Each structure stands twice: as C-alpha cells, then as structure tokens.
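Novice: Quick one: structure below, then a few questions.
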Amino acid sequence: MKKIKSLTDDNYMKYSLMAIAIKESSVGKNLVNNASKDYGLFQANIKSVIRRQKVPDTIYNRRFFAEKLVYDVGFSTANAIVEIDYWKKVHKDNWIKIWASYNTGWNYRSDIGVNYATSVFDIIKKLKYEYNL
C-alpha cells in the first residue's frame with residue numbers, strides 16, 4: 001500500500017488505486033479470475049489490456065499479458081492508471097462515475113456500477129480516517 005501511495009501526488013488517484021487493489025484482489029491475494037478473465041492487483045480485463053497494447057487477440061497474447069499482469073506489479077499498476085485516466089477524461093473528474101466505469105465501463109449508471117463506486121468510496125474513507133494513510 002505504501003508503494004501505491006508513493007506513485008503519485010494526486011490524492012484521488014492514489015486513494016483510488018489503493019481502494020481498487022483492496023476491492024479487486026485483496027491487495028494481491030487473489031490475482032487471477034479466470035471466470036471473468038481479469039488479472040493482477042487491479043483485476044484488469046484481458047480484452048481491455050489486449051486492445052490497449054494494440055496486439056492481436058490470440059491465445060498466446062492473452063496468456064502473455066495475463067501473466068504479465070499477475071507477475072509484474074509495475075505493468076499492472078500502469079495499466080490501472082491508464083484505465084482510470086481514460087475514465088477521468090470521459091467523466092471530467094467525476095470520481096463516482098470514474099470508479100463505476102472502472103468496473104462496468106459504459107454501464108456506470110447500472111446498479112453494479114453504482115454499488116462498485118460506493119464500495120470504493122467506503123474503502124477510501126476507511127483508508128483516510130481509520131488508518132491515516
């Protein structure tokens with residue numbers, strides 16, 4: 001968590017990354033979700049990663065980038081930052097929508113998106129006030 005916190009001076013970004021790492025992988029305890037095809041500390045969806053890397057969507061590339069997300073924390077973190085930055089531009093710094101879109105993409109208004117954003121916000125409040133991070 002300290003490493004994530006040290007990556008940026010943007011408080012919203014740093015707390016978002018910490019909260020998403022807690023929510024998505026229990027800070028590295030659950031790095032693989034083969035059912036949803038989400039991998040790494042921040043549970044990046046492999047289809048999004050493949051698209052962002054501009055490589056063909058092949059079994060080889062899926063395996064390669066899934067393993068990279070799991071074993072390369074720097075790559076996983078950089079990917080999460082790019083994803084958050086994308087939604088930040090789309091939603092013009094509306095963090096509730098950003099967090100919802102991190103999980104549901106363009107379905108950020110759905111119950112799942114709203115519940116996800118609320119959960120991330122609750123984790124951030126705990127981090128800030130209970131643990132003084």
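The values are calculated or read from the model by the stated rules, or taken from the named source; none is laboratory data. All values reported here derive from a predicted model rather than from experimental measurement. Neighbour counts are summed over all protein chains in view; Cβ atoms, including those assigned to glycine, are modelled from backbone coordinates with ideal geometry. When the accessible area is computed, the model is the full protein with side chains, heavy atoms only, and any ligands, DNA or RNA have been set aside. Shrake-Rupley method; radii C 1.70, N 1.55, O 1.52, S 1.80 Å.
Novice: Could you give the Stokes-Einstein D for the range 40-133 in µm² per second, using the C-alpha Kirkwood radius, 37 °C, 0.692 mPa s?
Specialist: 229 µm²/s
Novice: What's the angle, to the nearest 10 degrees (0 to 90), between helix 73-90's Cα axis and the longest principal axis of the chain?
Specialist: Between the helix axis and the principal axis of the chain, the angle is about 70 degrees.
Novice: In the chain, carbon and sulfur make up what percent of the accessible area (probe 1.4 Å)?
Specialist: Using a 1.4 Å probe with all protein chains present, the chain comes out at 53 percent carbon and sulfur.
Novice: Using Cα pairs under 8 angstrom and six or more residues apart, how large is the relative contact order of the chain, in percent?
Specialist: Once divided by the residue count of the chain, the mean separation gives 19 percent.
Novice: Sum up the charges of everything whose Cβ sits under 15 Å from the Cβ of residue 26, counting Lys and Arg as +1 and Asp and Glu as -1, but leave residue 26 out.
Specialist: Once all neighbours under 15 Å are counted, the net charge is +1.
Novice: Sticking with this structure for a sec: If you place +1 on the Cβ of every Lys and Arg, -1 on the Cβ of every Asp and Glu, and leave all else neutral, what size is the dipole of the chain about its Cα centre, to the nearest 20 Debye?
Specialist: So the dipole magnitude of the chain works out to roughly 120 debye.
Novice: Once the Cα atoms of helix 95-104 and of the chain are each reduced to a long axis, what angle between those two axes, in degrees from 0 to 90 to the nearest 10, is obtained?
Specialist: Rounded to the nearest ten degrees, it is 30.
Novice: Return one number: the angle in degrees, 0 to 90 and rounded to the nearest 10, between the long axis of the Cα atoms of helix 59-71 and the longest principal axis of the Cα atoms of the chain.
Specialist: Tilt relative to the chain: about 40 degrees.
Novice: In what sequence, highest mean first, do 53-60, 5-12, 115-122 appear when ranked by Cβ atoms within 10 angstrom?
Specialist: The most tightly packed comes first, giving 115-122, 5-12, 53-60.
Novice: Quick check for me: using +1 on Lys/Arg Cβ and -1 on Asp/Glu Cβ, what's the dipole size of the range 1-76 about its Cα centre, in debye to the nearest 20?
Specialist: Values: 14 positive and 7 negative charges, 15 e Å.
The calculation lands at about 80 debye.
Novice: Full extension from residue 96 to residue 2: what is 0.36 nm times the residue separation minus their Cα-Cα distance, to one decimal in nm?
Specialist: Stretched fully, the residue 96-residue 2 segment lengthens by 31.5 nm.
Novice: Rounded to the nearest 0.05, what FRET efficiency do residue 78 and residue 128 have when you use their Cβ-Cβ distance and R0 = 35 Å?
Specialist: Working from the Cβ atoms, E equals 0.90.
Novice: A further question on this structure: How far apart, in nm, are the 7 Å Cα→Cβ label points at residue 106 and residue 64?
Specialist: That separation, rounded to one decimal, is 2.9 nm.
Novice: Based on the Cβ-Cβ distance of residue 57 and residue 9, what FRET efficiency does E = 1/(1 + (r/R0)^6) give at R0 = 35 Å, to the nearest 0.05?
Specialist: After rounding, the FRET efficiency stands at 0.45.
Novice: For a quick check of your reading of the filter: which GluC sites (Glu not before Pro) in the range 25-133 sit in a DSSP loop and have no more than 15 other Cβ atoms within 10 Å? Write down the numbers at each step before the final one.
Specialist: Numbers: sites: 67, 83, 130; in loops: 130.
Here the sparse-neighbourhood loop sites are 130.
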